[in-house]
Each structure stands twice: as structure tokens, then as C-alpha cells.
Amino acid sequence: MDSDVLIEWYRETARDLPWRRPGVSAWQILMSEIMLQQTPVVRVEPIWREWVARWPVPSAMAAAPQGEVLRAWGKLGYPRRALRLHECAQVLAREHGDEVPADVDVLLGLPGIGAYTARAVACFAYGQRVPVVDTNVRRVVARAVHGRAEAGNPATRDLGETEALLPAHIARAATFSAALMELGATICTARNPACDNCPLPSCAWISAGRPASDVVRRVQKFEGTDRQARGRLLDVLRDSTGPVERVRLDLAWTRDPGQRDRALDSLLLDGLIEQTSDGLFALAGEGSR
Ligand code: SF4
């Protein structure tokens, strides 16, 4: 893959995202990476700005109650991410001098930090030459290098394959990683790649005549799912100033009582909500107020 061309394209056309600007700290980049994992940029940006102002360093978030963090997470979805980030902030404040470590292995030992996030922070916050592999990168590599329409399931070889593409020069490698992700997010998209606008001079998938995908795509609906039910129940608790009675939750999801019970159980199990000694329900950490 022609790294020079891709880096040049990135420098000229990359989206001006606030977490990419100079002066943004590793902690603030880490917050953006956690939020962006399962939520689009447009929904992340306003919440990220609020969080940076509210919790500019890990110790600021660590001092906040869990419920406050869950409330501030709003409707970004998959709220366990917020709880894990809160845990991570506590570890950073307590054991790492209120700083985000630069070492991938140390990062991997932090709560809620997986293979992608650890390398994204090492690369984007500290400029390290490490492969940063998300869904977008896997798709670009599958197409441009291997001539496949889609990447298929994640595999351990993904890291090695992406690392092999990185330029030797450290600073260029970090920009190349950002460029690869940007290409997958904006041009080489899953459903309609804009190949006419692609900066890459050659692409194995195009050369192979655009072979069809052999991956069976599962359409993920949201309406009526347990995830939607969980979200509705959490909304009730987020919008209330204290613990609520069970009936308030029952009214928030009336279409299927069995599903509602399941959603409630899973929220309790995940530690996102808790039950008070007198049987009321509250956001995590707010049951004893
Ligand atoms: S030519 Fe099309 S498929 Fe190939 S990398 Fe570019 S956008 Fe993706």
C-alpha cells in the first residue's frame, strides 16, 4: 500500500475532529476512543466536549459518583463503557500519577482497555509505531491488500498484517494509522465504497473485479430488542433525582413484561443500577443516598 499517498491525502482532507487537535491530552484522547467504539462521531462530539470540560484529568472523573458519570453518558449507548472508564480513571488517579501510560502492555492492564484502545492511545496520544486495528482498518486492508470485499471475523493475524504496512519512520507510522482509519470511515465504507474518490493508486479488490462478499451480514435491528428495553429503564433512572419504585420502570416498557424483567436483571448484573434496601431502584452508586 502506498503510504506516502495515503498520508498526503490525510493531511489534505482529514476531518477536523476536536480530539485530533494539538494540545489534547492522552486522557482526553482515551475518552474519545472509548466513546467512538460503538457510537458515531456526530453523537460523540458534544458529549466528549462536555466531558473534557467537566473531567479534564482522570482524578476529576475518579472523584465523581458512578451515577453522575452514567447520567453524563446520556444516550451514547452501551453504558457499561462509562462505568469501565470511571473505573479506569480511578486506577489512573491512584496508581499512575493521574496520567495515561504510554506503554501498550500497561494500557492493556487498565479496566475497559482492549487491544484496539490500548494501541489507539499509544499511537494517537504518544505517536508510537503500533498497529491500530478497528473495523474500518480491517476492511481497508481486506480490500486494498487482499482483494476481499470484507474482512470477515477478527483474527490474531490482523495486527501483524497491519503492522507490516506501517512506514518505518515512527512519526509517519502514526499518521499512516490515522489515515487508514480515516479512509475506512469516510471513503472505503462498508456498504458503498467511494472508489472514485479513493487516494490509493491501486487496490487488489478493484483489480480482482470487485468480487462479492462471502460474509453473511446480520442486520442488527434495535426496535423491540433487549438493548432498547435496557435503555428505556436506564432513561427513567437517569431522569430521576433519586431511587424510583418498580412501577415506574414497569411503565417504561410495557410491551413485554418478560423482556422487561430480563432487561432489569441484566442492568443489575452489569452493575449499572442497584436496588436499595427498601426495594427501590437507582443508578449505580445512588442507592444509598
Ligand atoms: S479503491 Fe475502493 S475498495 Fe479499494 S481501498 Fe479504495 S475505496 Fe476501498
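The values are calculated or read from the model by the stated rules, or taken from the named source; none is laboratory data. As the structure is a prediction and not an experimental result, all values here were calculated from the model. Cβ: placed from backbone, ideal geometry, glycine included. Neighbour counts: every protein chain shown. These area figures cover heavy atoms from the full protein model, side chains too; ligands, DNA and RNA do not enter into them. Shrake-Rupley method; radii C 1.70, N 1.55, O 1.52, S 1.80 Å.
Structure notes:
Residues are listed down the side, and each one gets a yes or a no for (1) closer than 30 Å to Ala263 by Cα; (2) open to solvent by 30 Å² or more (accessible area, probe 1.4 Å):
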| position | (1), (2) |
| --- | --- |
| Asn197 | no, yes |
| Arg218 | yes, yes |
| Gln228 | yes, no |
| Arg232 | yes, yes |
| Ser240 | yes, no |
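- Flag for Ala142 being under 17 Å from the mean Cα position of the chain (by Cα) and open to solvent by less than 30 Å² (accessible area, probe 1.4 Å): no
- Some residue of the range 223-235 being within 16 Å of the ligand (Cβ to nearest atom) and at negative phi: no
- Residue match in the range 92-104 (condition: farther than 27 Å from Arg43 by Cβ, aliphatic (A, V, I, L, M), modelled with pLDDT of 95 or more and open to solvent by less than 30 Å² (accessible area, probe 1.4 Å)): yes
- Close pairs (9 angstrom Cβ cut-off, 6 or more residues apart or separate chains): over 15 Å from Arg15 (Cα atoms) in the range 181-202, more than 8 Å from the ligand (Cβ to nearest atom) and among the aliphatic types (A, V, I, L, M) anywhere: Pro199/Val5; Pro199/Leu6; Pro199/Ala179; Leu200/Met1; Leu200/Val5; Leu200/Leu6; Pro201/Val5; Ser202/Met1
- Of all the residues in the range 51-81, those that are touching a Phe, Trp or Tyr at 6+ places or on another chain (Cβ under 7 Å) and closer than 16 Å to Arg230 by Cβ number 1.
- The residues in the range 272-287 that are open to solvent by 30 Å² or more (accessible area, probe 1.4 Å) and within 31 Å of the chain's Cα centre (by Cα) can be counted, and the count is 3.
- Within the range 112-131, the set of residues being within 15 Å of Ala179 (Cβ to Cβ) and free of Cβ contacts under 8 Å to residues at least 24 places away in the same chain is empty.
- Any chance Thr156 is within 16 Å of the ligand (Cβ to nearest atom), free of Cβ contacts under 8 Å to residues at least 40 places away in the same chain and more than 30 Å from Pro257 (Cβ to Cβ): no
- Which numbered condition Gly112 fails, given (1) assigned to a loop (DSSP other than H, G, I, E, B); (2) surrounded by fewer than 21 Cβ atoms within 10 Å (Cβ to Cβ); (3) under 17 Å from the mean Cα position of the chain (by Cα); (4) at pLDDT 95 or above: (4)
- Note on the range 243-271: residues that are of a type in the set (Val, Ile, Thr), exposed (fewer than 13 other Cβ atoms within 10 Å of the Cβ) and not in a loop (DSSP other than H, G, I, E, B) total 1.
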